[in-house]
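Student: A single structure is presented below for examination.
The values are calculated or read from the model by the stated rules, or taken from the named source; none is laboratory data. This one's a predicted model, so the numbers in the text were calculated from it and none came from an experiment. Note that each Cβ is placed from the backbone with ideal geometry, even for glycine, and that neighbours are counted across all protein chains shown.
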């Protein structure tokens, strides 16, 4: 008859309940739940990869571009845009983001800068038409507040 008691105490009970006693345990652990943010990470990873593959301009500009685009990805996630890859972005997503910026009362100059980076991203994913060429289409023209 086999003894179920481990020399270190009641370890087997913990293992059977799905809690391994040590990270070096030979017993397979139950699969961990995936992070709810994986959908966000997917878009963020796409943006990082596009920025890495297209190092255009000074390093400060590259860093600012990546930081701004990652901010956009997080804002899309907060606005409910899920399961997006960079290549799946569309004009509705851009409009939703700009509307959120207007609701937050972000200055027109900041919106213009962010749209510049979104246009850059749109060109890199092969969809330059998803971001209007005029800032006025988004209410961020030079004469507007």
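Student: Yes or no: residue 15 farther than 30 Å from residue 117 by Cβ, modelled with pLDDT under 95, buried (at least 16 other Cβ atoms within 10 Å of the Cβ) and in contact with a strand residue (DSSP E or B) (Cβ under 9 Å, 6 or more places away or on another chain)?
Tutor: Considered against the rule, which asks whether it is farther than 30 Å from residue 117 by Cβ, modelled with pLDDT under 95, buried (at least 16 other Cβ atoms within 10 Å of the Cβ) and in contact with a strand residue (DSSP E or B) (Cβ under 9 Å, 6 or more places away or on another chain), residue 15 comes out as yes.
Student: Tally time: how many residues in the stretch 69-89 are farther than 18 Å from residue 128 by Cβ and in a helix (DSSP H, G or I)?
Tutor: Of the residues in that region, 8 qualify.
Student: Return the residue satisfying two criteria in turn: it lies in the stretch 95-118 and is without any contact (Cβ under 8 Å) to a residue 40 or more places away in the chain and touching a helix residue (DSSP H, G or I) at 6+ places or on another chain (Cβ under 7 Å), and of such residues it is nearest to residue 50 (Cα to Cα).
Tutor: Here the answer is 115.
Student: Restricting the search to the stretch 78-91, which residues are in contact (Cβ under 8 Å) with a residue 40 or more places away in the chain and either under 19 Å from residue 127 (Cβ atoms) or crowded, with 17+ Cβ neighbours inside 10 Å (or both)?
Tutor: Once the filter is applied, which keeps residues that are in contact (Cβ under 8 Å) with a residue 40 or more places away in the chain and either under 19 Å from residue 127 (Cβ atoms) or crowded, with 17+ Cβ neighbours inside 10 Å (or both), the stretch 78-91 yields 83, 84, 85, 86, 87, 89, 90, 91.
Student: If you don't mind, another one. Could you list, in sequence order, all residues of the stretch 98-113 that are closer than 16 Å to residue 78 by Cα and not in a loop (DSSP other than H, G, I, E, B)?
Tutor: 98, 99, 100, 101, 102, 103 - these are the residues of the stretch 98-113 that are closer than 16 Å to residue 78 by Cα and not in a loop (DSSP other than H, G, I, E, B).
Student: Looking at this structure, is residue 70 within 12 Å of the chain's Cα centre (by Cα) and surrounded by 15 or more Cβ atoms within 10 Å (Cβ to Cβ)?
Tutor: It is true that residue 70 is within 12 Å of the chain's Cα centre (by Cα) and surrounded by 15 or more Cβ atoms within 10 Å (Cβ to Cβ).
Student: Tell me which residues, restricted to the stretch 114-140, are in a loop (DSSP other than H, G, I, E, B) and surrounded by 13 or more Cβ atoms within 10 Å (Cβ to Cβ). Steps first, answer last, please.
Tutor: From the stretch 114-140, those in a loop (DSSP other than H, G, I, E, B) are 125-127, 131-134, 139-140; that's our starting set.
If the condition is that a residue be in a loop (DSSP other than H, G, I, E, B) and surrounded by 13 or more Cβ atoms within 10 Å (Cβ to Cβ), then 125, 127, 131, 132, 139, 140 are the ones that fit.
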